[in-house]
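J.: Sharing a structure below in structure tokens format, with a few things to ask.
What follows is calculated from the coordinates using simple rules that are stated; it is not laboratory data. Given the structure is predicted, the values throughout are model-derived calculations rather than measurements. When we count neighbours, we look across all protein chains shown, and the Cβ atoms used for this are built from the backbone with ideal geometry, even at glycine.
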Amino acid sequence: MNGVVLSTNVASPQPDPGGAARRSGILKVPCEKIELVIPGLDYGDGSGVVGDFVGDSRHHGGYHKAIYGFNREELNFWEHVLGTSLPSGFFGENLTVAELNLSELMINQRVHIGSALLEVSVPRIPCRTFASWLDVHGWTKKFTERAQCGTYFRIIKPGTIFPGDHLVLSSPPSHGVTVSEAFQAKMGNRVFARRVAAHCLPGHHHAELARLVGEK
């Protein structure tokens with residue numbers, strides 16, 4: 001089943017909630033549409049969303065983290081658990097999506113949205129900024145145990161995405177590795193790490209898993 005974009009979001013820069021001497025783009029706010037471009041390979045090469053803001057350029061932005069998607073259903077889940085309102089964009093996502101579980105997409109699977117073509121890239125890993133922004137005791141552990149992390153996308157073909165656009169999936173890659181499995185691997189699950197390390201994550205993401213399972 002194809003999903004639908006409920007909200008397109010860009011950063012509203014805030015003081016870094018973790019206390020770093022920089023602004024943060026963790027809070028995204030809904031906008032009429034987003035325009036996508038292909039950033040450079042490295043993290044410091046900025047967002048793939050025109051007008052977006054990346055505060056921590058050492059760990060965010062660039063080709064493999066060009067745009068982030070998260071499920072509205074997961075925001076609803078955490079609203080219930082935490083007893084608070086979580087508007088679309090609050091988890092830092094550029095795309096708030098419904099009716100399709102982004103965490104169950106396959107790594108490297110391609111998705112048409114609007115006039116853009118995206119490719120599932122790497123899972124979102126909970127960082128200090130994210131934990132400080134939520135200000136929930138044990139947030140990283142809670143988010144990790146849930147293992148519904150959303151996904152970063154590469155931009156294969158630039159274009160425009162509007163709320164209401166549908167996600168049209170390509171055939172899944174044969175390796176069968178989901179974003180959730182890659183997330184659990186990167187968070188230290190050795191069973192998943194052995195499975196994921198044999199396949200599909202780029203660059204240092206693969207190197208981290210290879211070290212975890214004792215491979216070269």
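J.: For segment 4-172, what ratio Rg/Rh do Cα atoms give with a Kirkwood hydrodynamic radius?
T.: With Rh from the inverse mean 1/r over Cα pairs, Rg/Rh is 0.93.
J.: How would segment 1-60 be classified by its alpha-carbon gyration tensor: rounded, prolate or oblate, with rounded meaning a/c under 1.5 and the a/b versus b/c comparison settling the rest?
T.: oblate
J.: Something else: To make sure I understand, if each residue's beta carbon is the centre and we count other beta carbons within 10 Å, what order do Trp133, Trp139 fall in, fewest to most? Kindly include the intermediate steps, with their values, before the conclusion.
T.: Numbers: Trp133 20, Trp139 17.
Ranking Trp133, Trp139 by Cβ neighbours within 10 Å, fewest first, gives Trp139, Trp133.
J.: Taking 0.36 nm per intervening residue step and subtracting the Cα-Cα distance, what contour gain separates Val168 from Arg190 on full extension? Can you show the working numbers first?
T.: On the way: separation 22, 0.36 × 22 = 7.92 nm, distance 3.24 nm.
Taking Val168 through Arg190 to full extension adds about 4.7 nm, to one decimal.
J.: Counting only Cα atoms, I'd like the Rg/Rh figure for segment 172-216, Kirkwood definition for Rh.
T.: 0.92
J.: Something else: Using Cα springs under 10 Å in a Gaussian network model of the chain, which residue among Leu95, Leu201, Leu86 shows the largest mean-square fluctuation?
T.: Leu86
J.: What FRET efficiency, computed as 1/(1 + (r/R0)^6) with R0 = 25 Å and r the Cβ-Cβ distance, is obtained for Ser85 and Ser115, rounded to the nearest 0.05?
T.: 0.20
J.: For a footprinting-style exposure proxy, rank Lys157, Lys142, Lys28 by other Cβ within 10 Å, fewest first.
T.: Lys157, Lys142, Lys28
J.: If the viscosity is 0.890 mPa s and the temperature 25 °C, what Stokes-Einstein diffusion coefficient in µm²/s follows for segment 53-105 when Rh is the Kirkwood radius over Cα pairs?
T.: For the chosen part, D equals 200 µm²/s.
J.: For segment 1-103, just the Cα set please: Rg and Dmax, both in angstrom.
T.: 13.8, 43
J.: Under a crude label model (7 Å from the Cα following the beta-carbon direction), how far is Glu208 from Lys157 in nanometres?
T.: About 3.1 nm, to one decimal.
J.: Under a plain spin-label model, where a point goes 7 Å from the Cα along Cα-to-Cβ, how far apart in nm are Val136 and Asp42?
T.: Those two pseudo-labels are separated by 3.5 nm.
J.: I'd like the distance between the alpha-carbon centres of segment 83-149 and segment 182-216, rounded to an integer number of Å.
T.: 20
J.: While we're on this one: Using a Gaussian network model of the chain with C-alpha springs under 10 Å, which one of Phe53, Phe91, Phe143 is most mobile by mean-square fluctuation?
T.: The residue that fluctuates most here is Phe143.
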